[in-house]
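Pasting in a structure now, in structure tokens, and then I'll have a few things to ask.
The values are calculated or read from the model by the stated rules, or taken from the named source; none is laboratory data. Predicted model only: the values in this text are computed from it and were never measured. When we count neighbours, we look across all protein chains shown, and the Cβ atoms used for this are built from the backbone with ideal geometry, even at glycine.
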Amino acid sequence: MELKFDPEKPKYEYITTPDAFENAIALLEKEPIIAVDIESTGLDPYTALLLIVQIGTEEISYIFDARLLNLKENPRLKSLLENPKILKLLQNGKFDYKMIKIQLKIEINNIYDTMLAEAILTAGLGTQLGLLTIVRKYVNIDLDKSIRKTFEKLHKGSVFTQEQLAYGAMDTLVLFPVFNKQWPLLQKENLIKIAKLEFATTTVVGDMELNGIYIDVTKWRSIISELSTKRDLVAKEFQDVIRPYYPVNQMDMFTSDGYGDAINLNSNVQLLDLLNNKLGLNVPSTGVEILSTLQHPIAKKLLEYRGFEKLISAFGESLLEKVNPVTHRLHPDFQQLRTATGRFACSNPNLQQIPRNSKEAPFRECFNSEPGYKLVTADYSSFEMRILADLSKDPQMIKGMKEGFDMHSFTAALMFNKEYADDFKKKYPELRQAAKAIGFGLMYGMGPAGLATQIGVTKEVGEEYMKNYFNAFPKVKEYLESSATKAVQVGWSMTPAGRKRWYDRPVKTDPEYKRKISSIQRQAKNHPIQGTNADAVKYALVFLKDRIAKEKVDARIILTVHDEIVCEVREDQAEMWGPIQKEEMEKAGELFIKEVPVIAEPFIGDVWEH
């Protein structure tokens with residue numbers, strides 16, 4: 001590919017005066033496609049100093065000094081970046097979108113994100129998505145990203161070096177040849193529709209991260225404190241129970257109660273010695289999955305301790321340290337395409353890991369609305385099961401969905417030849433639980449052995465249960481096996497919306513051929529289901545953002561977890577907004593699901609729980 005810029009001496013113009021700004025903007029306004037990037041002293045748009053905004057064409061990058069120019073008050077820059085007719089190329093555009101929105105009050109739209117495009121083109125292959133890797137792949141240039149760090153030390157009076165300005169220029173110039181290579185590939189793979197969905201979702205996710213969520217720090221700390229007390233009590237009970245297996249040692253006389261700990265509860269070596277040499281349980285490790293299979297009271301007590309310890313370590317002070325000093329809210333990082341299926345991932349902190357409320361750990365009660373607002377939470381009802389029913393076209397599963405049955409009870413009734421009734425769950429809780437485990441497990445490619453472990457039966461019984469399940473829903477078996485077979489043949493699987501996941505198919509001489517093929521088959525069964533879930537949620541987010549603007553509602557999208565979306569809405573508008581959120585979420589699901597009803601139920605309250 002012939003480049004329109006010199007990688008050794010990229011062409012740029014460093015803009016520091018109003019006149020130079022006007023001249024550059026006049027030229028950029030004529031371009032159908034521009035590239036946008038920024039450099040700042042940090043990653044947090046609320047606390048970092050915005051240094052430069054680079055806007056480029058294929059040949060030149062205009063570098064606007066944000067410290068010297070009053071960019072926030074300039075209508076022409078706002079008009080340029082918000083112009084829906086001009087395509088903006090960005091790499092990891094969510095970051096630049098957030099920084100520019102907070103610092104300059106400008107909302108970039110009509111984005112093409114090279115990072116997201118690459119993720120779409122290589123989903124499932126574990127490809128690196130950084131600009132360095134992408135540019136090396138498509139342009140065969142090695143960028144020097146070490147200069148990026150030097151911006152972090154700058155301040156309002158700092159003078160940029162030529163190396164820093166050239167670095168900033170290159171970050172826009174390289175996006176054009178990358179775009180020129182990626183776009184035909186997206187067309188070839190029929191991925192334009194999915195790419196446009198992801199690009200539209202970018203600004204919604206940017207807003208969601210900027211909005212953040214309020215957390216009651218005092219209540220959070222009280223929960224952690226109570227958990228710590230219970231953990232310590234369980235630890236003492238554990239030590240008391242195992243003490244007879246250990247002789248009293250000299251150190252015990254120096255402890256307050258005359259007894260020291262028999263062993264270190266966090267030492268796997270000492271725990272294995274206890275479990276194997278003292279108790280004769282013969283276990284290979286102290287992992288939860290191993291301990292869960294043991295009926296010994298000491299193993300159960302250790303599991304209880306581990307449960308408290310896990311909650312405290314995962315949700316202790318480390319989460320509260322992420323509360324923003326400016327907004328006093330948590331602002332998680334939602335990654336649109338971190339997973340191969342297209343589902344959101346979340347970090348810093350990972351709110352997807354916050355467990356459902358329990359008596360001992362009601363963490364979700366700590367996530368509240370601001371005074372004067374309510375949280376409107378809606379999630380799709382049995383969404384992945386509805387997707388499976390639609391994809392498989394299984395008549396019995398479709399019937400159960402249309403009739404509004406409790407599907408786990410209905411499944412159990414078919415599997416175990418029982419009469420379905422509204423009180424089935426009460427009559428046959430164990431059968432329903434087994435059916436539920438199979439229903440969810442199959443969507444994740446689980447086999448008989450995994451099922452047996454999950455519900456505590458032998459592998460033979462697990463095989464019998466799965467046979468019963470497929471006898472109840474034969475079209476489901478047919479669909480799942482067809483999905484697995486096709487993925488091995490063609491090397492990819494696809495959602496109804498067109499989202500693809502690729503597989504690295506092994507050669508038959510590979511010693512791990514069977515294991516790798518089984519892995520592909522398992523993933524291919526899951527991807528169309530979980531991927532459709534992701535597609536619907538992303539369409540719903542875009543629909544909801546548009547509806548908020550259309551209805552002029554004082555509302556903001558603050559959170560999405562799996563098939564759930566949470567909005568924070570002004571108190572006097574929440575009741576009106578609930579049905580709208582339901583409508584837009586169901587509309588998004590109905591883009592793909594035609595055979596069964598899509599149901600999203602809204603709940604209005606002060607806490608993130610219902």
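Just to be sure I understand the filter: pairs with C-beta atoms under 7 Å, separated by 6 or more residues or on different chains, first member in segment 113-136 and free of Cβ contacts under 8 Å to residues at least 12 places away in the same chain, second member among the charged types (D, E, K, R). Which pairs pass?
Listed by first residue and then by second, the contacts come to 127/118; 136/142.
Further question on the same structure: Would you please name the residue that is surrounded by the most Cβ atoms within 10 Å (Cβ to Cβ), looking only at residues in segment 18-58 that are in contact (Cβ under 8 Å) with a residue 40 or more places away in the chain and farther than 30 Å from residue 209 by Cα?
Only one residue tops the list, namely 21.
How do the pairs read when you match residues in segment 459-478 that are over 21 Å from residue 293 (Cα atoms) with residues anywhere that are among the small types (Gly, Ala, Ser) and surrounded by 14 or more Cβ atoms within 10 Å (Cβ to Cβ), using Cβ under 6 Å and keeping only pairs 6 or more apart or on different chains?
If the second residue must be among the small types (Gly, Ala, Ser) and surrounded by 14 or more Cβ atoms within 10 Å (Cβ to Cβ), the pairs left are 475/392; 476/392.
Sort out which residues of segment 39-62 are in contact with a Leu (Cβ under 7 Å, 6 or more places away or on another chain) and under 19 Å from residue 146 (Cβ atoms), and write them in order of number.
The answer is 39, 40, 41, 51.
Is there any pair with a first residue in segment 218-242 that is outside the structural domain of residue 367 (by TED's automatic domain parsing) and a second that is outside any helix (DSSP H, G or I) whose Cβ atoms are under 6 Å apart and which are 6 or more apart or on different chains, and what are they?
Cβ pairs passing all conditions: 224/316; 235/265; 239/261; 239/262; 242/262.
Right, next: Residue pairs, Cβ under 7 Å, 6 or more apart or interchain, first in segment 581-598 and under 16 Å from residue 401 (Cα atoms) and modelled with pLDDT of 95 or more, second assigned to a helix (DSSP H, G or I) and small (Gly, Ala, Ser). List them.
So the pair list comes out as 589/536; 595/389; 596/389; 598/589.
Just to verify a result, which residue in segment 69-91, among those that are out of contact with any helix residue (DSSP H, G or I) (no Cβ under 8 Å at 6 or more places or on another chain) and assigned to a loop (DSSP other than H, G, I, E, B), is farthest from residue 33 (Cα to Cα)?
Residue satisfying both the conditions and the ranking: 70.
Quick check: is even one residue across segment 574-586 in contact with a strand residue (DSSP E or B) (Cβ under 7 Å, 6 or more places away or on another chain), of a type in the set (A, V, I, L, M) and under 25 Å from residue 199 (Cα atoms)?
yes
Cβ-Cβ distance below 6 Å, separation of 6 or more or different chains: which pairs start in segment 409-428 with a residue that is assigned by TED's automatic domain parsing to the domain that holds residue 468 and end on one that is surrounded by 13 or more Cβ atoms within 10 Å (Cβ to Cβ) and in a loop (DSSP other than H, G, I, E, B)?
Once the first residue is assigned by TED's automatic domain parsing to the domain that holds residue 468 and sits in segment 409-428, its partners that are surrounded by 13 or more Cβ atoms within 10 Å (Cβ to Cβ) and in a loop (DSSP other than H, G, I, E, B) give 410/420; 413/420.
Residue by residue, here is whether (1) surrounded by 14 or more Cβ atoms within 10 Å (Cβ to Cβ); (2) closer than 30 Å to residue 416 by Cβ; (3) in the same structural domain as residue 408 (by TED's automatic domain parsing) holds:
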| position | (1), (2), (3) |
| --- | --- |
| 464 | yes, yes, yes |
| 467 | no, yes, yes |
| 480 | yes, yes, yes |
| 483 | yes, yes, yes |
| 491 | yes, no, yes |
| 498 | yes, no, yes |
| 503 | yes, no, yes |
| 508 | no, no, yes |
| 512 | no, no, yes |
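Further question: For residue 518, indicate whether it is within 29 Å of residue 534 (Cα to Cα) and surrounded by fewer than 18 Cβ atoms within 10 Å (Cβ to Cβ). Working first, answer last.
Details: within 29 Å of residue 534 (Cα to Cα): yes; surrounded by fewer than 18 Cβ atoms within 10 Å (Cβ to Cβ): yes.
Yes.
If you don't mind, there's one more thing I want to ask. Out of the residues in segment 329-344 that are of a type in the set (S, T, N, Q) and within 28 Å of residue 369 (Cα to Cα), which is surrounded by the fewest Cβ atoms within 10 Å (Cβ to Cβ)?
Among those residues, the one meeting the criterion is 335.
Mind listing just one residue for me: the one in segment 489-519 that is under 16 Å from residue 341 (Cβ atoms) and polar (S, T, N, Q) and, of those, nearest to the chain's Cα centre (by Cα)?
495
Got a number for residues in segment 206-222 being more than 20 Å from the chain's Cα centre (by Cα), in a helix (DSSP H, G or I) and surrounded by fewer than 20 Cβ atoms within 10 Å (Cβ to Cβ)?
Result for segment 206-222: 5.
Still on this structure, please answer the following. Can you tell me how many residues in segment 92-112 are in a loop (DSSP other than H, G, I, E, B) and crowded, with 18+ Cβ neighbours inside 10 Å? Lay out the reasoning, then the answer.
Here is the first cut: in segment 92-112, the residues in a loop (DSSP other than H, G, I, E, B) are 92, 105-110.
After this cut, where a residue has to be crowded, with 18+ Cβ neighbours inside 10 Å as well, the list is 106, 108.
Qualifying residue count for the region: 2.
If I filter segment 535-556 down to residues being β-branched (Val, Ile, Thr) and more than 23 Å from residue 592 (Cα to Cα), which single residue comes out as surrounded by the fewest Cβ atoms within 10 Å (Cβ to Cβ)? Outline the logic, then answer.
Of segment 535-556, the ones β-branched (Val, Ile, Thr) are 537, 542, 548, 553.
Restricting the remaining residues to those that are more than 23 Å from residue 592 (Cα to Cα) gives 548, 553.
Working: 548: 21, 553: 17.
The residue in question is 553.
Just checking, which of 13, 22 is assigned to a strand (DSSP E or B), modelled with pLDDT of 95 or more and either closer than 25 Å to residue 158 by Cα or outside the structural domain of residue 145 (by TED's automatic domain parsing) (or both)? Can you show your working first?
Numbers: 22 fails: assigned to a strand (DSSP E or B).
Criteria check complete, one pass: 13.
Listed residues 125, 165, 143, 129; which is in contact with a strand residue (DSSP E or B) (Cβ under 9 Å, 6 or more places away or on another chain), assigned to a loop (DSSP other than H, G, I, E, B) and not assigned by TED's automatic domain parsing to the domain that holds residue 487?
On the way: 165 fails: assigned to a loop (DSSP other than H, G, I, E, B); 143 fails: in contact with a strand residue (DSSP E or B) (Cβ under 9 Å, 6 or more places away or on another chain); 129 fails: in contact with a strand residue (DSSP E or B) (Cβ under 9 Å, 6 or more places away or on another chain).
Residue meeting the stated conditions: 125.
Let me ask another. Is it the case that some residue within segment 398-415 is of a type outside the set (Asp, Glu) and closer than 16 Å to residue 529 by Cα? Before you say what the answer is, go through the steps one by one.
Let us first name the residues in segment 398-415 that are of a type outside the set (Asp, Glu), namely 398-402, 404-405, 407-415.
Narrowing the set further to residues that are closer than 16 Å to residue 529 by Cα leaves 398.
Within segment 398-415 (the criterion being of a type outside the set (Asp, Glu) and closer than 16 Å to residue 529 by Cα), the answer is yes, since at least one residue qualifies.
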